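Beneath this line is the structure, given in structure tokens, with notes to follow.
The values are calculated or read from the model by the stated rules, or taken from the named source; none is laboratory data. Please read these numbers as outputs of a predicted model, since none were measured by experiment. Counting neighbours? That spans all protein chains shown, and the Cβs are built from the backbone with ideal geometry, glycine included.
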Amino acid sequence: MVRINSAVIVGYGGYVPRYRIKSEEIARIWGRDKSELPVEEKAVAGLDEDTVTMAVEAAKIAIKRAGIPPSKIGAVHVGTESKPYAVKPSGTIVAEAIGAVPSVTAADFEFACKAGTEALQFITSLVDAGRIEYGLAIGADTAQGRPGDALEFTAACGAAAFIIGRDKNEGVAEIEAWTSYVTDTPDFWRREYERYPHHTARFTGDPAYFHHIVNSVKNLLENDGYTLNDIDYAVFHQPNVRFPLVAAKLLGIDLEKTKPGLITGYIGNTYAASSLLGLVKVLDQAKPGQRILLASFGSGAGSDSYIIRVLEGIEVKRSLAPTLDKFIERKTYIDYAIYARHRKKILM
Amino acid sequence: MFRIKVPRYWRHKDFRYRLNAWKCNHCGETHFFQPLICRKCRSRDFSRVTLPESGKLLAYTVVRSPPEGFEAQSPYIIGFIELDDGTRILGQLTDCYPEELKQGMKVEATLRKIREDQEDKIIAYCYKFRPAI
């Protein structure tokens, strides 16, 4: 049992770029069957966007809601698998851009799609231990999918940011418990200097996503004394629309508790931001006292599960910044040619 | 090729990232980058100020023949913005198409890449403006 004494979300923010490509358009290019597409459309970063710029966007929204001076933030950690630099932390650029430098620890976390919740664990621990007053955890990605590969239909772009503090009176939600479940599972990987990841289709579902999420959630519920009746919303990592619903079914969770945070059908799989953007979407609608189960999944493989209880502060702070829906609804469709330019798939 | 040299990019990051500028304590003139003397009154007395991140679009133009080194995002839009405190500033516009722009429309600052393909491979981040969300 990992008991958390005082770690609350005091500000949160989600960002999705403006551009969308429909799965049907990708299917048209590669001659695929359009009847069984994993998502309807996915978010594509602009020509001038990357993981750092999207992380800053989400962080600024979180700061607006937190209502704290950025200089009070003592840690900035960015979880991502699409760092703009191979060597040079994204965290330092984000910290500089929001005005949190120089008395701050900054670093990047990598664990495929669960890097964001990993950053959140670390920040939560620093705050809970009293080492910092506030910390900023971000999950952000401009995910890569090889042209024509199954991943290209879903690999998307987005960011989510959470400012963690100690005082429940200024919080929007309290982090009550978390746990992790990790094994060495070769379901998805990318070697250095490679542009696109490899994945083994037969590992993706049962031995990877479902095994780790189910065990992570079961351990959390059993060890910390929660039951499914305590959960009002369930948010899972969202590689496609089907997987989170199957995970809920395997765990015996009502699908109606999972659907409010399920946004991958409209924005795709935003990798390290995926489950965290689901959490943002739920916080945009949850009521004080409700409990949220959050379970990420990262290939390689592992899952972090959290129990988060919504606090009274949500009602006021929610309206201090744009909700995620503002960004989801702000969209312009692009064709595959423009998409190829945006995602640097045309090499000259 | 026009190059953003790394030392200059580093020196200017306070303004490029956060619109942190300098104001002359004698005449009130705003300087975007650290000045030695005020261009208006010759004073050497300055204070740090953070400019507002929102304003209105006064004018814009589309750059279809960019200077060497800026081709990657071409065509792009340059806007002339009046910030909420009255400061006037030039900046690229993003997340919009020219046909969506109107004189007087509200815009807000956002951090974006302006260049990244130079020899030294430094990614130059800078404020841009987009239609207010």
Going by what's in this entry, would A:Ala161 be described as surrounded by 24 or more Cβ atoms within 10 Å (Cβ to Cβ), of a type in the set (Gly, Ala, Ser) and touching a helix residue (DSSP H, G or I) at 6+ places or on another chain (Cβ under 7 Å)? yes
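From the list A:Ile132, A:Ile123, pick out the single residue that is crowded, with 24+ Cβ neighbours inside 10 Å and either free of Cβ contacts under 8 Å to residues at least 60 places away in the same chain or not assigned by TED's automatic domain parsing to the domain that holds A:Ala301 (or both).
Testing whether each residue is crowded, with 24+ Cβ neighbours inside 10 Å and either free of Cβ contacts under 8 Å to residues at least 60 places away in the same chain or not assigned by TED's automatic domain parsing to the domain that holds A:Ala301 (or both) leaves just A:Ile123.
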Every residue in the range A:241-277 that is in a loop (DSSP other than H, G, I, E, B), of a type outside the set (A, V, I, L, M, F, W, C) and surrounded by 20 or more Cβ atoms within 10 Å (Cβ to Cβ), please. A:Gly268, A:Thr270
Among the aliphatic types (A, V, I, L, M) and without any contact (Cβ under 8 Å) to a residue 60 or more places away in the chain: does that describe B:Leu51? yes
Test for B:Glu99: is it at negative phi and in a strand (DSSP E or B): no
Counting only strands (runs of 3 or more DSSP E) wholly inside the range B:39-96, the ones holding at least 3 residues that are under 23 Å from B:Cys27 (Cβ atoms) are B:46-50, B:76-83, B:88-93
Hey, A:Gly74 in a strand (DSSP E or B) and either free of Cβ contacts under 8 Å to residues at least 12 places away in the same chain or within 14 Å of chain B (Cβ to nearest Cβ) (or both) or not: no
Just checking, which of A:Phe236, A:Phe188, A:Phe243, A:Phe162 is under 21 Å from A:Gly139 (Cβ atoms) and in contact with a His (Cβ under 6 Å, 6 or more places away or on another chain)? A:Phe188
When residues of the range A:304-327 are limited to those that are within 12 Å of another protein chain (Cβ to nearest Cβ) and buried (at least 18 other Cβ atoms within 10 Å of the Cβ), the one farthest from A:Gly278 (Cα to Cα): A:Ala321
Which condition number in (1) within 13 Å of chain A (Cβ to nearest Cβ); (2) over 23 Å from B:Arg130 (Cα atoms); (3) under 17 Å from the mean Cα position of the chain (by Cα) is the one that B:Val6 fails? (3)
Could you list, ordered by first residue, the pairs with Cβ atoms under 9 Å in which the first is in the range A:297-314 and in the same structural domain as A:Phe236 (by TED's automatic domain parsing) and over 17 Å from A:Gly79 (Cα atoms) and the second is surrounded by fewer than 23 Cβ atoms within 10 Å (Cβ to Cβ) and β-branched (Val, Ile, Thr), at least 6 apart or interchain? A:Ile307/A:Ile231
Being closer than 19 Å to A:Pro17 by Cβ, within 14 Å of chain A (Cβ to nearest Cβ) and in contact with a Leu (Cβ under 7 Å, 6 or more places away or on another chain) narrows it down to one of B:Ile114, B:Ile77, so name that one. B:Ile77
So which pairs qualify, if the first residue must be in the range A:193-206 and in the same structural domain as A:Phe297 (by TED's automatic domain parsing), the second must be loosely packed, with under 15 Cβ neighbours inside 10 Å and not aromatic (Phe, Trp, Tyr), the Cβ gap must be under 7 Å, and the two must be at least 6 apart or on different chains? A:Thr200/A:Pro186; A:Phe203/A:Pro186
B:Tyr125 at negative phi and within 14 Å of another protein chain (Cβ to nearest Cβ): yes
Considering (1) more than 15 Å from A:Phe109 (Cβ to Cβ); (2) surrounded by 16 or more Cβ atoms within 10 Å (Cβ to Cβ); (3) without any contact (Cβ under 8 Å) to a residue 24 or more places away in the chain, say which one A:Thr92 fails and leave the rest. (1)
I'd like the residue in the range A:33-59 that is more than 9 Å from chain B (Cβ to nearest Cβ), over 14 Å from B:Leu111 (Cβ atoms) and in contact (Cβ under 8 Å) with a residue 60 or more places away in the chain and, out of all such residues, is surrounded by the fewest Cβ atoms within 10 Å (Cβ to Cβ). A:Glu40
From the set of residues in the range B:75-103 that are under 23 Å from A:Ile334 (Cβ atoms) and of a type in the set (Ser, Thr, Tyr), which is surrounded by the fewest Cβ atoms within 10 Å (Cβ to Cβ)? B:Tyr97
Of the residues in the range A:93-133, those that are under 19 Å from A:Tyr12 (Cβ atoms), within 14 Å of chain B (Cβ to nearest Cβ) and part of a helix (DSSP H, G or I) come to A:Val94, A:Ala95, A:Ala97, A:Ile98
Given the condition in contact with a Gly (Cβ under 9 Å, 6 or more places away or on another chain) and surrounded by 20 or more Cβ atoms within 10 Å (Cβ to Cβ), answer yes or no: does some residue in the range A:222-229 qualify? no
